[in-house]
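First the structure, in the form of C-alpha cells, and then the observations on it.
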Amino acid sequence: MINKTIISILPRPIWPPYAGQSRLCYFRSLELRERGYKTILVEFYFFRMTRNEEDLEKISKAFDEVYSIKINALDFFLIFCKSVFNQILSFFPLQTHFLSSYFLERKFKNILNIIEKSNTEIFIHCYSIRTYKLWNIISRSSKSFTIDFVDSMTLNLKNKLKFVMSFKKLFFLNEFLRTKNFESNLIKYNYLQSIILVSRNDINYFSFKRNLNNNNYIPIFESGIGVQPIRINAKEINVNYEKNLGNLLFFGTLSYEPNKVAIDFLLNNLLPILKANKVKFKLTIAGRNPSRNLIKNIEIYKEVYLVPNPKNMNQIIDNSFLSLVPIFTGSGQQYKAVESLSRGTPIIISSQAADALSLQDGVNCLIADNSQDYYKCLDNLMNSPHLYEELAMNGLNYIDKEFSWKSRVDNLIKNVYKF
C-alpha cells in the first residue's frame, strides 16, 4: 500500500459513470487504487440520490471512502440568488456559482478536516469549473491540488454559438465572453500545481495567460480519456460484419446539447437519404436522460429505436454494425468514439471529433461532415467486408496503444500528482 491519498472532488454523483467527469474520476480512481493509492471521493448531489447494493459494491472498488454532500432546497435558493446577483455585479461565468452556498462550503471544510486527521500525504483532484468555490478553501488548507476542467468551456461555448438563435444566442454569447475572461485571468492559488484538459485541442483554446517569467505560471497537461480495449481477431470481426449488418448506433448522454444536435442531424438529414436510397438499416439511440420531446420524436420513425438509461452499453455496441459520431458542437474527446473502437466497432465521425482524438480518415475511422458524405461512408462499409475489417482492427490497435487507463494514469502520476 502506497502511503499517499488522492481526493477527488466531483460536483455531481459518481454513479453511474456515464458523463465525462464521472467516468474519468471513477476509472482513474479504480486504476490508482489497484496500484496501492488510497482514494477518497467527495461528491455533490441535488436533493435525492438512490443506490442499490450493486452500485455501492462497484463504487467501493474504486474508492476507500466516499463523502456525499447534498445540495438541498436552501442551498439551491442561495446558489440561484448569488448567480443572479453576480450576473449583475461581476463578470464571472454562471458555472462558477454552482456551489455558492455558505452551508455547502462549511460541510466541505468539515469533511476536509476529517480526512486530514487520518491521512498525511494528500493530493486533491478537483473536477470541473463548478468546483470553483472550493479552490480557495483547498489552497488555505495547504494541500496541493489540480484543477481538471475536462473540456475548455470557451471552446464548448464557441461551438454552441453556431447552433443557437435569437435570445439564446445573446445569453450564450454573454456566457462565452465571461468564460473566456475567466480562463484568461485564472488566479494562481498558492498550492495549485497544475491544470488538466482532456485534449490538445482544448488546451489550444484554453486562453490562460501563461507567462514563464512571472508567478502566475501554471503548467497545463493533456489527460485524454481512457478505456479497456477487448481482444478480438479478424475472424470475429467478420462474424460481426455478417451478424450486425445495417445496425447503426448513436449513444451518449441524451440531454447533452452536442448530442441533441447530433440526433437532430441523424433524424432530419441522414435518415431521409438512407430511405431514398433504400438502405436496409436500424438506428439505435441509447443513453441517459432522454427528454419527453426526444421520446415523442423517435416514436415517429419505425427504423429508430430508443434505449433509455442502458444498463450494459458494451452489449449494445457489440450488437452494432458501426457507431455514428456526428459531433459538430462541444469540445473534448468523444467517449462514444473511443468506446466503440475499443470493442472493434468501426465509426463514422465528424472531422472536429476526429481531430481531438488524432484519428486518421480511411485508416482507423471514416470522416464525414455532412449527410451525403455520411451516406457514402456507410455505403462503402456495408459493401466492403475488407474495409470494415481493416478499420475495426486498426481502430482497436490504436485505442489499445493510446487510450488505455493504464497509460493515462501513468501520465497523471508522472506529471500531475506532485505530493
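Points to keep in mind about this one:
- When each of Phe281, Phe265, Phe251 is tested for being touching a strand residue (DSSP E or B) at 6+ places or on another chain (Cβ under 7 Å), of a type outside the set (Lys, Arg), under 20 Å from Phe328 (Cα atoms) and in the same structural domain as Leu391 (by TED's automatic domain parsing), the lone residue that passes is Phe251.
- Count - residues of segment 357-374 that are in a helix (DSSP H, G or I) and crowded, with 20+ Cβ neighbours inside 10 Å: 2
- The residue list Ser291, Ser255 contains one member that is of a type in the set (S, T, N, Q) and touching a Pro at 6+ places or on another chain (Cβ under 9 Å), which is Ser255.
- Selection of first residues in segment 161-182 that are farther than 14 Å from Thr96 by Cβ and of second residues that are of a type in the set (Val, Ile, Thr), restricted to Cβ pairs under 6 Å at least 6 apart or on distinct chains, gives the following pairs, ordered by first then second residue: Phe163/Val261; Phe163/Thr329; Phe172/Val164.
- Considered as a group, the residues in segment 60-116 that are aromatic (Phe, Trp, Tyr) and over 26 Å from the mean Cα position of the chain (by Cα) include one that is farthest from Glu175 (Cα to Cα), and that residue is Phe103.
- Test: residue in segment 130-137 that is among the aliphatic types (A, V, I, L, M), over 19 Å from Ile218 (Cα atoms) and surrounded by 13 or more Cβ atoms within 10 Å (Cβ to Cβ): no
- Among the residues of segment 302-323, those identified as of a type outside the set (A, V, I, L, M) and either over 21 Å from Asn244 (Cβ atoms) or part of a strand (DSSP E or B) (or both) are Tyr305, Pro308, Asn309, Ser323.
- Selection within segment 399-418 - part of a helix (DSSP H, G or I) and of a type in the set (Val, Ile, Thr): Ile399, Val409, Ile413
- Selection count, segment 260-274, where residues are free of Cβ contacts under 8 Å to residues at least 24 places away in the same chain and among the charged types (D, E, K, R): 1
- Only helices (runs of 4 or more DSSP H) whose full extent lies in segment 98-192 are considered here, and the ones with at least 1 residues that are modelled with pLDDT of 95 or more and within 23 Å of Lys82 (Cβ to Cβ) are 102-118, 132-140.
- Residues of segment 34-73 satisfying the condition of being in a helix (DSSP H, G or I) and either without any contact (Cβ under 8 Å) to a residue 24 or more places away in the chain or surrounded by fewer than 19 Cβ atoms within 10 Å (Cβ to Cβ) (or both): Glu34, Glu53, Glu54, Asp55, Leu56, Glu57, Lys58, Ser60, Lys61, Ala73
- Among residues of segment 25-70 being touching a helix residue (DSSP H, G or I) at 6+ places or on another chain (Cβ under 7 Å) and of a type in the set (Gly, Ala, Ser), the one that is nearest to Lys414 (Cα to Cα) is Ser29.
- Those residues of segment 267-301 which are part of a helix (DSSP H, G or I) and under 16 Å from Ile316 (Cβ atoms), in sequence order: Ile298
- A single member of Phe145, Phe108 is out of contact with any Asp or Glu (no Cβ under 9 Å at 6 or more places or on another chain), among the aromatic types (Phe, Trp, Tyr) and touching a residue at least 60 places away in the same chain (Cβ under 8 Å), and it is Phe108.
- If you go through segment 85-97 and keep only what is outside any loop (DSSP other than H, G, I, E, B) and surrounded by 12 or more Cβ atoms within 10 Å (Cβ to Cβ), you end up with Phe85, Asn86, Gln87, Leu94, Gln95, Thr96, His97.
- Restricting segment 1-33 to residues that are basic (Lys, Arg), under 19 Å from the mean Cα position of the chain (by Cα) and surrounded by fewer than 22 Cβ atoms within 10 Å (Cβ to Cβ), the residue that is nearest to Ser223 (Cα to Cα): Arg23
- Residue match in segment 205-214 (condition: within 25 Å of the chain's Cα centre (by Cα), over 30 Å from Glu389 (Cβ atoms) and part of a helix (DSSP H, G or I)): yes
- Residues in segment 125-143 include none that are in the same structural domain as Glu183 (by TED's automatic domain parsing), touching a His at 6+ places or on another chain (Cβ under 6 Å) and of a type in the set (S, T, N, Q).
- Of all the residues in segment 187-204, those that are surrounded by fewer than 21 Cβ atoms within 10 Å (Cβ to Cβ) and more than 17 Å from Thr329 (Cα to Cα) number 9.
- Residue in segment 308-316 that is buried (at least 22 other Cβ atoms within 10 Å of the Cβ), under 28 Å from Lys235 (Cβ atoms), of a type outside the set (Phe, Trp, Tyr) and over 17 Å from the mean Cα position of the chain (by Cα) present: no
- Taking the listed residues Glu236, Glu339, the one that is closer than 21 Å to Asn364 by Cα and either within 18 Å of the chain's Cα centre (by Cα) or assigned to a loop (DSSP other than H, G, I, E, B) (or both) is Glu339, with no other qualifying.
The values are calculated or read from the model by the stated rules, or taken from the named source; none is laboratory data. All figures in this text were calculated on a predicted structure; none of them were measured in a lab. We place every Cβ from the backbone using ideal geometry, glycine too, and count neighbours over all the protein chains shown.
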